[in-house]
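The values are calculated or read from the model by the stated rules, or taken from the named source; none is laboratory data. Everything quoted here is computed from the prediction, not taken from an experiment. Cβ atoms come from the backbone with ideal geometry, glycine included; neighbour counts cover every protein chain shown.
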Amino acid sequence: MKVGEKARGRLILLGVGGLFLLGVLVGGLDCVDRREDGMWFIAQGGAGAFAFATDFLNTNLLKSGSFGELMPLAVQNGTVMVSSFKSAGPANEVGTLMCGLAGMMNVIAVLDVLHRPYRSLKKDATE
């Protein structure tokens, strides 16, 4: 299926990618986390490779201790080791939200692209 709107596709890529990148810059790499924020990752996963690459980097750089040191954090059931680069508070929440919105925006753009050939066929049939 070929829709033929390359400029529109570039604008969608710029919008989705820019919103996702801005969300990661505001909230840090750990605002995209498949294990800790599973429900948010469903929305963020709509951004495709952006979300999965960021989650991979979060898991392999921050959570493994390869980048920064791991520090103990006391929780109810014991102690958990977290990265010294883990963001918290409103900045992390805003970043998580922006990445989720980027994913949902991308899903809407894909649905619109899939619906366009149907609309053009319907328009040709009425003429």
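Below are the figures for this structure:
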quantity: Residue count, segment 20-63 (criterion: closer than 17 Å to residue 108 by Cα and under 8 Å from the mean Cα position of the chain (by Cα)); calculated: 10
quantity: Among residues of segment 1-58, those that are buried (at least 19 other Cβ atoms within 10 Å of the Cβ) and aliphatic (A, V, I, L, M), counted; calculated: 9
quantity: Count - residues of segment 70-87 that are in a loop (DSSP other than H, G, I, E, B), within 20 Å of residue 34 (Cβ to Cβ) and modelled with pLDDT of 65 or more; calculated: 2
quantity: Residue tally, condition modelled with pLDDT under 70 and not in a helix (DSSP H, G or I), over segment 88-127; calculated: 1
